[in-house]
Amino acid sequence: MFEKSNPTPLVKIEDDLLEQKNIQLYIKREDLIDTEISGNKWRKLKYNLIQAKEQGQEIVLTFGGAYSNHIAATAAAAKRFGFQAIGVIRGEELNESSNPTLQKAHADGMQLLFVSRADYMFRTSPHWLNMHKQEYSAFIIPEGGSNHLAIQGVKEILHEIEIDFDYVTCPVGTGGTLAGLASGLHSHQKALGFAALTGEDYLEKLVGQLLPPEFHSRQAIIHDYDFGGYAKHTPQLIAFIQDFYDRHGIPLDPIYTGKMMYGVFDQIEKGKIESGKTIVAIHTGGIQGIAGFNEKYGLSLYA
């Protein structure tokens, strides 16, 4: 269960800006870890589902928004590893056909429960969680899969990186990936998280709840590249994603990885990441719906 044969590739990026600034940039292609359970979702679900299996649980229940990669990945993982899956979805006006993400989750057998945004606010409430756990006899996986079991899985990414580096970067949505990376760093290294949504202080609180105090100084969240909020974008971001693919052959998504890579290059250009440093950017996946991205955003990735 959750076995993979080889480390995901570590790809060096060649770019004029990087040469000018004397910076080495690598992308860890976690998007290639699996065709359906992509990127950090594989890492974060791994020990959650192993524990569910050990406890004899047959149903897993989790939470997410309408375009949640975590919802899609949990549905695919549950189908593959023999669980029933329930997804509590933010937005009572939605249905199973509202977008490709929900369509795929539903096709993989996930029961989708649509709740109001007001009710969804209770997704971390112990009473609300216990109510769902009892009603469905389910193993609860939090939104984004981000809990201490996720930290254990994400930390394994670092075990596959055989070069020394100064910074490791990732997008931040629920904080689990950033916390997992920071928890495995040496004292001379730092994890930089690029916020995918508007949530200063909120995201810091999420990471702080997952990360032991002695590792808090080994991470920071940059809030300058959310492009207006979760799943929001601008023509500038979309142009960057297309240009990055044209030059480097690596597809990014406009919700998470595109914002991170835009931020990385902007930080380098502005000198906020110092000359002589080595960066490893974690490609957290989320590009399975690339055809949908092409249509919606006017991109030609993999075209």
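The values are calculated or read from the model by the stated rules, or taken from the named source; none is laboratory data. Computed from a prediction, not measured in an experiment: that's the story for all the values here. A quick note on method: Cβ atoms are made from the backbone with ideal geometry, for glycine too, and the neighbour counts reach across all protein chains shown. Surface areas here come from the heavy atoms of the whole protein model, side chains and all, with no ligands, DNA or RNA. Shrake-Rupley method; radii C 1.70, N 1.55, O 1.52, S 1.80 Å.
Between ASP16 and LYS232, the modelled labels are 3.2 nm apart [label points 7 Å from Cα along Cα→Cβ]. Region 135-207: percent of C-alpha pairs farther apart than 17 Å? Distances greater than 17 Å cover 47 percent of the Cα pairs. Normalised Debye scattering of the chain at q = 0.06, 0.11 Å⁻¹ gives log10 I(q)/I(0) of -0.18, -0.63, counting only Cα atoms as equal scatterers and leaving out solvent. Apply 1/(1 + (r/R0)^6) to the Cβ-Cβ distance of GLN111 and TYR202, taking R0 = 41 Å, and write down the FRET efficiency to the nearest 0.05. The computed FRET efficiency comes out at 0.90. Within region 48-96, the proportion of C-alpha pairs whose separation exceeds 17 Å stands at 34%.
Considering only GLU160, GLU204, GLU93, the Gaussian network model of the chain with Cα springs below 10 Å gives its largest mean-square fluctuation to GLU93. With respect to the chain, whose longest principal axis is taken over its alpha-carbon atoms, helix 257-269 is tilted by about 20°. A Förster radius of 35 Å, combined with the Cβ-Cβ distance separating SER217 from PHE81, puts the computed FRET efficiency at roughly 0.40. What the Kirkwood sum gives for region 64-214 is a hydrodynamic radius of 16.8 Å, with every pair of different alpha carbons counted.
Our summary gives the chain a relative contact order of 21 percent, counting only alpha carbon pairs under 8 angstrom and 6 or more residues apart. Identify, among SER187, TYR202, ALA150, the residue whose Cα sits farthest towards the positive end of the charge dipole of region 144-285, taking +1 on the Cβ of Lys and Arg and -1 on the Cβ of Asp and Glu, with the dipole about the Cα centre. Result: TYR202.
What FRET efficiency, computed as 1/(1 + (r/R0)^6) with R0 = 41 Å and r the Cβ-Cβ distance, is obtained for ASP164 and ASN130, rounded to the nearest 0.05? Step by step, r from the Cβ atoms, then E = 0.35. Distance from the C-alpha centroid of region 78-99 to that of region 119-192: 20 Å, rounded to the whole angstrom. First compute the accessible area of the chain with a 1.4 Å probe, then give the percent of it belonging to carbon and sulfur atoms. That fraction is 48 percent. When the convex hull of its Cα atoms is viewed from all sides, region 1-113 shows a mean projected area of 9.1 nm². With the convex hull drawn over the C-alpha atoms of region 143-298, the volume per residue is 121 Å³.
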